[in-house]
1. Compute the normalised compactness of the stretch 1-86: alpha-carbon radius of gyration over 2.2 N^0.38 Å, N being the residue count.
2. Sorted by mean Cβ packing within 10 Å, highest first, what order do the peptides 89-95, 115-121, 62-68 take?
3. Relative to the compact-globule scaling 2.2 N^0.38 Å, provide the ratio for the alpha-carbon radius of gyration of the stretch 89-152.
4. Based on DSSP, what percent of beta bridges with both residues in the chain are antiparallel, to the nearest 5?
5. Quick one: divide the alpha-carbon radius of gyration of the chain by 2.2 N^0.38 Å and tell me what you get.
6. Ignoring ligands, DNA and RNA, please state the percent of accessible area on the stretch 1-97 from carbon and sulfur, probe 1.4 Å.
7. Can you compute the modelled spin-label distance between ASP115 and GLU67, with each label point 7 Å from Cα toward Cβ, in nm?
8. Need the C-alpha centroid separation for the stretch 10-31 versus the stretch 106-125, integer Å.
Amino acid sequence: MRNVPNQLREAFRSAGRRLTPQRMLILQVLQESDRHLDAEAVHDRVRQRDPEISLATVYRTLALLKEMGLVNAPSLGAERSRYESAGSTPHYHFTCLNCGRVMEFDSPLIGQLSDELSQAHGVSVVGTQLHVVGYCASCVAQMGGESETSRQ
Ligand SMILES: [Zn+2]
Ligand SMILES: [Zn+2]
């Protein structure tokens, strides 16, 4: 295996797991991809490089990587879990309730919120999960710009 970061080796060693080529490959696919792949999409991509890998292996590996904190499965309101590399820069998600499209965004407000919390309550913030839901611009346009709340 080429260029395996020491950090990664160490993470597997301390978890008492083996860093197999298949596990490495699945991690790589997540790191290289445009995020939020479900297990089947991961499988499709992994299979192009190692046709031997089964979907079951992909599921098991994703669960392991998630348990080890190397992979996130942000709750995006989809039926199937979607995964992204935990190494990607912190960001937040907006999911369209109509078409299921996921947008990523970042905002300095989140950092400010963490600062305010630690100052006001003495807490130490180590992570933030924010999932915003609504309708994306093209769905809003399709709906004729009508507000959803007025129909409920
Ligand atoms: Zn939409
Ligand atoms: Zn994301």
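The values are calculated or read from the model by the stated rules, or taken from the named source; none is laboratory data. What you are looking at is a predicted structure, and each value in this text was computed from that prediction instead of being measured. As a convention, Cβ positions derive from the backbone with ideal geometry for all residues, glycine included, and neighbour counts pool all protein chains shown. What goes into the accessible areas is simple: the full protein's heavy atoms, side chains included, and nothing from ligands, DNA or RNA. Shrake-Rupley method; radii C 1.70, N 1.55, O 1.52, S 1.80 Å.
1. Values: Rg = 12.3 Å, N = 86, 2.2 N^0.38 = 12.0 Å.
This ratio for the stretch 1-86 stands at 1.03.
2. Working: 89-95: 15.1, 115-121: 10.3, 62-68: 17.0.
Highest mean packing first, the order is 62-68, 89-95, 115-121.
3. Here the answer is 1.49, to two decimals.
4. 65 percent
5. The reported ratio for this selection is 1.27.
6. Values: 2510 of 5790 Å².
Roughly 43 percent, rounded to a whole number.
7. 4.0 nm
8. 33 Å
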